[in-house]
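Only one structure is covered here, and it is reproduced in the block below.
The values are calculated or read from the model by the stated rules, or taken from the named source; none is laboratory data. These numbers were taken from a predicted model, which means no experiment stands behind them. Cβ: placed from backbone, ideal geometry, glycine included. Neighbour counts: every protein chain shown.
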Amino acid sequence: MKKIIGICAILLLLTGCGKTTKKDILKDLNKKINSMNSYYIEGNMEIINNEDVYKYNINVSYKAKDFYRVSLKNDSNGHEQIILKNKEGVFVLTPSLNKSFKFESEWPYSNSQVYLLESILKDMKNDKSLEFKEENGNYVFTSKVNYPNNRTLIKQNIYFDKNLNLKKVDVLNEEGNIEIKMIFNKIDTKPKFDDEYFSLNKNIEVSIVDESIKPVTKIDDAIFPMFLPDNTTLKSKDTISKNDGERIILTFEGDKPFVLVEETISIPEELEIIPTIGEPTMLIDTIGSLSDNSVSWISNGMQYYISSSALSEEELLSVAKSISTIPVMK
């Protein structure tokens, strides 16, 4: 009997010794990430929309337990937006326009965030069917994701090296195609931040403003959405003059009626803080605001607003994302 037990023990050692398990890695990751009092990340994010690829330089600063600063700089035009969370609330800053939008929001906890460590860990821990494999010297996890406003995004592949350093996250749709790619170039787990670093005024002061952005006063032509719900057509187009520019109102009728407003915006001399209803939402080339019946955003010196009681949030985003963001203006 002792001989049989001894043989079984040897076989167990031969087959199990040194083998890394999903449970062990999750335990170590949980300990590593939850022990961080702060972190700083530099990386690159790509958002893939059909044949278009939008590239961003990402900087993330975090201080326990509820301070966040996420800078997203568009690689093609250098325009920067900053998501800021501090004791006063959640803000989206657009330094080049001297504007800040204040949200009553649960960001970043309301959905998956591809550039935040604790959000990625949360997705992994919440997935009872979490997949794990070793590939090319990396640990690769596949977890479900929580993007309530984009149901086509269903899972993400998360890549760690053998020292549990996060290297890359790919978010995939139902067809298995990558729609969001985040590459982590640098992760500092012991940076020093004071509370002032996350203040609204401080971030406006230190942000580099693109002086090439000039106020737009006239719209040459309206920008029409490439996506319309079935049995929905344009009813009317109205142009209204403002003191500092123009506004175009496009009214669509049918099974899913909605109103699209496109207007010029001015750049105030002092920081303008705008109370905003909804959640900060990534809209291809900018961060917008999404609520139950509306979506609004600023792109290339123009402000867009869609309102409808008939469209779902997903349909609102589909219309918004189909609008070209390169209007011809003078």
Checklist entry - List, please: which pairs have Cβ atoms under 7 Å, are six or more places apart or on different chains, and start with a residue in the range 211-233 that is surrounded by fewer than 15 Cβ atoms within 10 Å (Cβ to Cβ) and in a loop (DSSP other than H, G, I, E, B) and end with one that is among the aliphatic types (A, V, I, L, M) and modelled with pLDDT under 90? => result P215/I267; K218/M329; D220/V328; D220/M329; D221/V328
Next on the checklist: Residues that are modelled with pLDDT of 90 or more and either farther than 29 Å from D75 by Cβ or surrounded by fewer than 20 Cβ atoms within 10 Å (Cβ to Cβ) (or both): does the range 277-285 have at least one?
Outcome noted: no
Checklist outcome for this item: The one condition R151 fails out of (1) loosely packed, with under 15 Cβ neighbours inside 10 Å; (2) over 30 Å from I25 (Cβ atoms) is (2)
Checklist outcome for this item: Among S100, S119, the single one that is in a helix (DSSP H, G or I), assigned by TED's automatic domain parsing to the domain that holds L26 and surrounded by 12 or more Cβ atoms within 10 Å (Cβ to Cβ) is S119
Checklist entry - Would you say S309 is without any contact (Cβ under 8 Å) to a residue 40 or more places away in the chain and in a loop (DSSP other than H, G, I, E, B)? => result yes
Checklist entry - outside the structural domain of V295 (by TED's automatic domain parsing), part of a strand (DSSP E or B) and out of contact with any Lys or Arg (no Cβ under 7 Å at 6 or more places or on another chain) - does that describe any residue in the range 141-153? => result yes
Checklist entry - Hey, among K73, K65, which residue is without any contact (Cβ under 8 Å) to a residue 24 or more places away in the chain and closer than 17 Å to W297 by Cα? => result K73
Item to check | Extreme residue, modelled with the lowest pLDDT, among residues of the range 293-317 that are surrounded by fewer than 18 Cβ atoms within 10 Å (Cβ to Cβ) and of a type in the set (S, T, Y) | outcome: S312
Item to check | Qualifying residue in the range 180-198 (condition: closer than 30 Å to E46 by Cα, under 21 Å from the mean Cα position of the chain (by Cα) and outside any strand (DSSP E or B)) | outcome: yes
Checklist entry - Across the range 256-294, what is the number of residues that are on the phi > 0 side of the Ramachandran plot and of a type in the set (G, A, S)? => result 1
Checklist outcome for this item: Selection over the range 103-116 where residues are surrounded by fewer than 16 Cβ atoms within 10 Å (Cβ to Cβ) and of a type in the set (S, T, Y) yields a count of 2
Checklist entry - Checking E246 against (1) surrounded by 15 or more Cβ atoms within 10 Å (Cβ to Cβ); (2) touching a Leu at 6+ places or on another chain (Cβ under 9 Å), which test does it fail? => result (2)
Item to check | Given (1) in a helix (DSSP H, G or I); (2) free of Cβ contacts under 8 Å to residues at least 12 places away in the same chain; (3) not small (G, A, S), index of the condition N163 fails | outcome: (1)
Item to check | Failed item in (1) without any contact (Cβ under 8 Å) to a residue 24 or more places away in the chain; (2) under 24 Å from P95 (Cβ atoms); (3) under 21 Å from the mean Cα position of the chain (by Cα), with K242 passing the rest | outcome: (3)
Next on the checklist: If I filter the range 61-97 down to residues being of a type in the set (S, T, Y) and outside any loop (DSSP other than H, G, I, E, B), which single residue comes out as modelled with the lowest pLDDT?
Outcome noted: S96
Checklist entry - Taking the stated definitions as given, is N146 more than 30 Å from P268 (Cα to Cα) and in contact with a helix residue (DSSP H, G or I) (Cβ under 9 Å, 6 or more places away or on another chain)? => result yes
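Output the number of residues of the range 216-233 satisfying the condition of being hydrophobic (A, V, I, L, M, F, W, C) and over 17 Å from L316 (Cβ atoms).
Going through the range 216-233 one residue at a time, the tally reaches 3.
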Item to check | Selection from the range 42-75 of residues that are hydrophobic (A, V, I, L, M, F, W, C), surrounded by fewer than 16 Cβ atoms within 10 Å (Cβ to Cβ) and within 21 Å of N173 (Cβ to Cβ) | outcome: V53
